[in-house]
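Novice: Here you go, one structure.
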Amino acid sequence: MTRQIVRGHPSTMGDDYQLNTTTLIRHAARTHGDQQIVYRLPDGGWERYGYADCYERVCRAADALRALGVSPGDRVGVLDWNGRRHFELYWAIPGLAAVMLQMNLRLAAEDIAWVVGHSGASLIAVDESLLPLAESIASRVSGVKGWIVLTDRPLDRIETTLRPVHHYEDLLAAATPVADWPVVDERSAYSACYTTGTTGRPKGVYYSHRAIYLHAMAEAAALGMTLDDCTMLITPMFHAQCWGLPQAATLTGGKLVLPGRYVAEDTGPLITAMMDEGVTIANGAPVIFQPMLDHIRAHGLRPDFSRTRLLAGSAEPPLTLMRGFHEATGADVIHGYGATETTPLIAVNRWKRSLKSDLDPEELWDLRRKQGLPLTGVDVVLRDQDGRDQPHDGVSVGEVCVRGPWITARYHDLPDSDDRFTADGYWRSGDAGTIDEHGYLKLTDRMKDVIKSGGEWISSIDLENAIVAHPAVAEAAVVGVPHPRWQERPVALVVTEPGRTLSEQEVRDHLAPRFASWQLPESVLFVEEIARTSVGKIDKRRLRAQYRDHYISGSGDA
């Protein structure tokens with residue numbers, strides 16, 4: 001169904017002025033050139049430069065990429081952590097009307113190679129620490145014509161089997177600092193990100209310059225971002241534009257902190273940097289924020305984060321986490337909701353002014369558990385199984401369906417995906433939820449049996465199919481059950497063939513070549529039979545109920 005567009009009287013505005021990301025970084029360099037970008041070094045130290053210095057390197061990087069043959073429409077992959085070179089490529093690649101392919105380090109090598117091939121990437125920039133990963137996929141990505149090593153060390157000290165290989169800093173040194181930027185059509189793809197998938201291979205979402213630009217404006221407005229803010233990018237920059245914060249912070253000319261490579265347990269440097277640099281905005285999953293709060297408490301720290309907004313996504317932040325941060329530091333943990341397909345923000349939970357006076361403190365805290373209010377520009381509806389809109393009464397449940405200027409309308413080169421979109425142009429999220437009379441969205445369940453662990457999707461079907469492929473397995477079922485740290489983790493239930501035996505480790509070893517380590521079930525339970533419905537399907541609802549306390553209490557033995 002195509003909606004009719006009604007054209008009124010012509011305007012006198014420059015409506016053909018293209019909204020592209022180059023405008024954002026050029027403005028930041030011109031108007032806020034001395035504003036600091038602080039970045040972490042591989043040895044744990046910190047350095048800083050200004051937007052103007054950053055922009056010069058962006059221009060050099062673009063000139064170097066053009067010299068390597070990058071042209072409009074080409075895809076250039078980036079395999080890197082949250083560092084300054086990654087940030088520079090955020091602008092240099094799209095500035096040439098090329099597409100920045102965000103390569104998710106959390107995927108298994110097989111899936112990363114598939115993403116590179118499916119996207120048609122011809123060049124990949126890779127951090128020195130990730131060379132082994134790049135080398136492991138090199139033989140399977142014949143379309144890649146060159147590799148750029150991101151490092152401070154000289155190229156003659158880098159050992160790699162990649163060919164041909166270039167050195168990022170050498171390329172910049174030989175390039176010109178003045179970029180002859182093309183006027184990029186705002187509908188051109190800025191970047192590409194592939195979902196971690198619910199079934200089958202990851203699906204490609206290609207974001208337009210226009211989508212990124214408008215998303216940055218809406219996010220800055222929703223979070224109240226100004227040039228006085230200092231934003232730390234904790235969420236991986238290789239995943240959905242780091243939730244759009246790099247662009248939103250650059251849009252407002254605010255200070256930036258890039259923490260480089262870190263792990264969930266590496267909270268000390270993050271907290272120290274937040275205090276030292278005066279961070280007022282940061283993003284991350286609850287699995288990251290909880291250890292940060294634990295670190296603050298364990299070390300008796302008293303940071304003043306009273307101006308700080310912590311955008312929490314990927315999973316619903318526990319109320320204890322939100323209250324704990326507020327009580328210990330004054331920080332405001334803000335629940336955000338979105339997906340790879342939505343650039344990603346759909347909703348952000350802020351208290352309405354009217355509700356602050358109408359609700360008591362406990363009710364206000366309970367309200368924070370909801371996914372929040374849709375961002376301006378996003379159209380959210382709830383549809384039942386017959387496609388009928390559900391009322392906003394906080395009770396009626398429907399599938400969350402979304403459309404808007406930064407919501408995907410299709411997947412890249414994936415013809416059999418019409419079922420993910422409605423006839424009138426909404427993307428079907430697969431999430432079930434309600435919207436209350438105040439406009440707050442609340443997720444109640446998922447429409448399909450996928451597992452969300454640490455902010456990433458795990459396909460239960462793919463795991464089941466792989467387990468059943470083992471010659472000693474007769475049947476298998478995988479369900480996601482609550483986990484105190486990762487939101488959900490998979491539990492595998494296995495029925496062996498008569499007379500055959502199998503160990504938990506053998507099952508995991510069987511899965512390891514195909515799946516990333518974080519996708520593997522921590523528990524493999526061997527059972528006599530698997531519960532099924534009256535029509536013979538695996539009864540996953542019953543299994544989830546039966547094993548829901550398995551990781552919480554340590555129970556769940558078959």
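Novice: Is the shape of the chain rounded, prolate or oblate, going by the alpha carbon gyration tensor and its root eigenvalues a ≥ b ≥ c, with a/c under 1.5 for rounded and a/b larger than b/c for prolate?
Specialist: rounded
Novice: Right, next: For the stretch 376-446, what is the charge dipole size about the Cα centre, in debye to the nearest 20, if Lys and Arg each add +1 at the Cβ and Asp and Glu each add -1 at the Cβ?
Specialist: 180
Novice: Would you work out the relative contact order for the stretch 450-553, in percent, from Cα pairs under 8 angstrom that are 6 or more residues apart?
Specialist: Across the stretch 450-553, relative contact order equals 27 percent.
Novice: Could you state the number of Å between the C-alpha centres of the stretch 228-262 and the stretch 468-494?
Specialist: Between the Cα centre of the stretch 468-494 and that of the stretch 228-262, the gap is 35 Å.
Novice: Same structure again: If you restrict to DSSP beta bridges whose two residues both lie in the chain, what percentage is antiparallel, to the nearest 5? Present the calculation step by step, with values, prior to reporting the outcome.
Specialist: Details: 48 of 87 bridges.
Of those bridges, close to 55 percent are antiparallel.
Novice: Does the stretch 376-446 come out rounded, prolate or oblate, given a ≥ b ≥ c as the square roots of the eigenvalues of its C-alpha gyration tensor, rounded meaning a/c under 1.5 and, failing that, prolate meaning a/b above b/c?
Specialist: Prolate, since a/c reaches 1.5 and a/b exceeds b/c.
Novice: Which one of Ala125, Ala98, Ser142 is farthest out on the positive end of the charge dipole of the stretch 65-162, using unit charges on Cβ (Lys, Arg +1; Asp, Glu -1) and the Cα centre as origin?
Specialist: Ala98
Novice: Let me spell out the model: positive unit charges on the Cβ of Lys and Arg, negative unit charges on the Cβ of Asp and Glu, origin at the Cα centre of the chain. What dipole size does that give, in debye rounded to 20?
Specialist: With only Lys, Arg, Asp and Glu charged at Cβ, the dipole is about 600 debye.
Novice: Place +1 on the Cβ of every Lys and Arg and -1 on the Cβ of every Asp and Glu in the chain, take the dipole about the Cα centre, and give the residue among Ala222, Val333, Ala492 whose Cα lies farthest towards its positive end.
Specialist: Ala222
Novice: I've got another one for you. Hey, what did the stretch 310-357 get for relative contact order, percent, Cα under 8 Å, at least 6 apart? All intermediate terms of the calculation are to be shown ahead of the outcome.
Specialist: Numbers: 47 pairs, mean separation 15.2, N = 48.
Relative contact order here is 32 percent.
Novice: Now, a different point. Just want the ordering: Val263, Val149, from fewest to most Cβ atoms lying within 10 Å of their own Cβ.
Specialist: Val263, Val149
Novice: Just to be sure I understand the model, the point goes 7 Å from the Cα along the line to the Cβ. What's the resulting Glu135 to Asp185 distance in nm?
Specialist: Here the modelled spin labels are 4.2 nm apart.
Novice: Shifting gears a bit: Can you give me the distance in nm between label points at Ala512 and Asp34, each placed 7 Å from the Cα along the Cα-to-Cβ direction?
Specialist: The answer from the label model is 5.6 nm.
Novice: At what distance in angstrom do the alpha carbon centres of the stretch 92-143 and the stretch 387-437 lie from each other?
Specialist: Computed from Cα coordinates, the inter-centre distance equals 30 Å.
Novice: Here's something else I'd like to know. Once the Cβ-Cβ distance between Val6 and Leu355 is put in as r, and R0 is 45 Å, what FRET efficiency do you end up with, to the nearest 0.05?
Specialist: Numbers: r = 36 Å, r/R0 = 0.80.
According to the calculation, E is roughly 0.80.
Novice: Counting Lys +1, Arg +1, Asp -1, Glu -1, what net charge surrounds Arg153 among other residues with beta carbon under 10 Å of its beta carbon? Each step should come with its number before you reach the end.
Specialist: Working: positive: Arg157; negative: Glu128, Asp152, Asp156, Glu169.
Its environment carries a net charge of -3.
Novice: Take the alpha-carbon centre of the stretch 300-340, take the same for the stretch 1-63, and report the distance between them in whole Å.
Specialist: That distance is 28 Å.
Novice: Just to verify a number: FRET efficiency for Ile552 and Arg388, C-beta to C-beta distance, R0 = 45 Å, to 0.05?
Specialist: It comes to 0.75.
Novice: Here's something else I'd like to know. Could you work out the relative contact order of the chain, using alpha carbon pairs under 8 angstrom and six or more residues apart, expressed as a whole percent?
Specialist: Reported relative contact order: 11 percent.
Novice: Could I ask something else about it? Quick check on the stretch 31-164: of the DSSP beta bridges with both residues there, what percent are antiparallel, nearest 5%?
Specialist: So the antiparallel bridges in the stretch 31-164 amount to around 30 percent.
Novice: Here's another thing I want to ask about it. For the stretch 246-357, what is the charge dipole size about the Cα centre, in debye to the nearest 20, if Lys and Arg each add +1 at the Cβ and Asp and Glu each add -1 at the Cβ?
Specialist: 500
Novice: Next question, about the same structure. Efficiency by 1/(1 + (r/R0)^6): what FRET value for Glu504 and Glu110, r their Cβ-Cβ distance, R0 = 30 Å, to the nearest 0.05?
Specialist: The value I calculate is 0.85.
Novice: Tell me, in nm to one decimal, what length is gained between Leu319 and Ala298 on full extension, where the rule is 0.36 nm per residue of separation less the Cα-Cα distance? List each step's numbers first, then the result.
Specialist: On the way: separation 21, 0.36 × 21 = 7.56 nm, distance 1.97 nm.
Additional length available on full extension: 5.6 nm.
Novice: Dipole of the stretch 376-446 (Lys/Arg Cβ +1, Asp/Glu Cβ -1, origin at the Cα centre): which of Ser429, Thr408, Thr444 lies farthest to the positive side?
Specialist: The listed residue farthest towards the positive side: Thr408.
Novice: Just add up the charged neighbours of Asp43: K/R +1, D/E -1, any other residue whose Cβ is under 13 Å from the Cβ of Asp43.
Specialist: Local charge sum for Asp43: 0.
Every read-out reported here was derived from the displayed coordinates using simple, explicitly stated rules and does not represent laboratory data. In this text the structure is predicted, and so the values were computed from the model without any measurement. Virtual Cβ from ideal backbone geometry, glycine too; neighbours counted across all protein chains shown.
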